[in-house]
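What follows is a single structure, written as structure tokens, with notes after it.
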Amino acid sequence: MPSGCDPAMGVGDGGSASDACMSSLADIQARDLMDKYGERMGKRKLDAAVIAAVEDDGTDGMRGLVTVEVRLMERGRDLLSSEESEFALTRAVSSLGPKQRKEYKDASVMDIANGLLSPDYVAVCSLSNLCVSHSVRRRGVAVRLCLEAERVAREIFGFDEIYLRVEKSNIAALRLYEKRLGYLRAFDVTGATALRVDVNAGSFVEVNTDIAVLRKKI
């Protein structure tokens with residue numbers, strides 16, 4: 001799901017046009033989730049999971065979701081996207097001779113990063129795409145989703161630390177992560193790329209903004 005998405009942040013002038021644009025946004029988000037976290041024919045290089053909070057009335061209505069995934073981080077600079085991370089790992093292994101490639105065939109992302117990439121790059125687990133339905137805001141859903149993501153990162157993916165990116169202007173999100181969940185500031189990224197919802201166009205647009213990269217021992 002493109003980060004920064006808030007389907008309720010605005011509507012268009014006409015009802016039908018707005019419905020069409022909102023439907024377009026939903027389709028984009030669904031495709032993005034399937035591309036990153038859905039099943040693949042081949043083996044996935046980067047562990048990833050979608051965690052959802054659903055209604056407890058048997059309707060399977062969505063209360064919120066969060067994603068957790070393994071990706072690369074350039075120390076002190078930024079987290080790479082899943083696409084950039086997978087490309088870097090694939091390129092590193094592909095540059096080896098046949099015998100060496102065989103040695104790394106079933107290697108973990110951490111082993112590939114430590115063995116083949118520059119020391120500036122490290123494999124990390126990241127939390128992203130946290131969103132909660134407006135109908136259940138301020139009920140602790142976001143906290144419970146984040147805690148479950150941390151559990152998955154620790155118990156299933158095998159990491160003892162988790163990272164996330166948040167816009168420095170998003171005071172509410174910073175308060176959640178730093179005050180309620182105990183995340184610490186790792187470093188800041190000036191002029192990073194983020195996504196904004198263009199409701200009228202039914203699409204996402206890239207903008208430059210300042211990002212805080214946070215981390216937490218889990």
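Seen from VAL136, the other residues with C-beta closer than 10 Å to its C-beta sum to a net charge of +3, counting Lys and Arg as +1 and Asp and Glu as -1. Of the cross-linked pairs LYS45/LYS179; LYS45/LYS168; LYS45/LYS99; LYS45/LYS217, those separated by over 26 Å at the C-alpha level are LYS45/LYS179; LYS45/LYS168. The residues THR209, THR90, when put in order of fewest to most other Cβ atoms within 10 Å, stand as THR90, THR209.
Loop-resident GluC sites (Glu not before Pro) (DSSP state other than H, G, I, E or B) in region 39-146 with no more than 10 further Cβ atoms inside 10 Å of their Cβ: GLU39.
Going by how many other beta carbons lie within 10 Å of each one, how would you line up LYS99, LYS216, LYS168, fewest first?
Details: LYS99 7, LYS216 19, LYS168 16.
Least to most surrounded, the residues fall as LYS99, LYS168, LYS216.
Separation of region 101-172 from region 191-218 is 17 Å, based on Cα centroids.
Since every read-out is calculated from the coordinates, none of them should be taken as a lab result. Worth saying up front: this structure is predicted, and the values here are computed from it rather than measured. Note: ideal-geometry Cβ built from the backbone for every residue, glycine included; neighbour counts use all protein chains shown.
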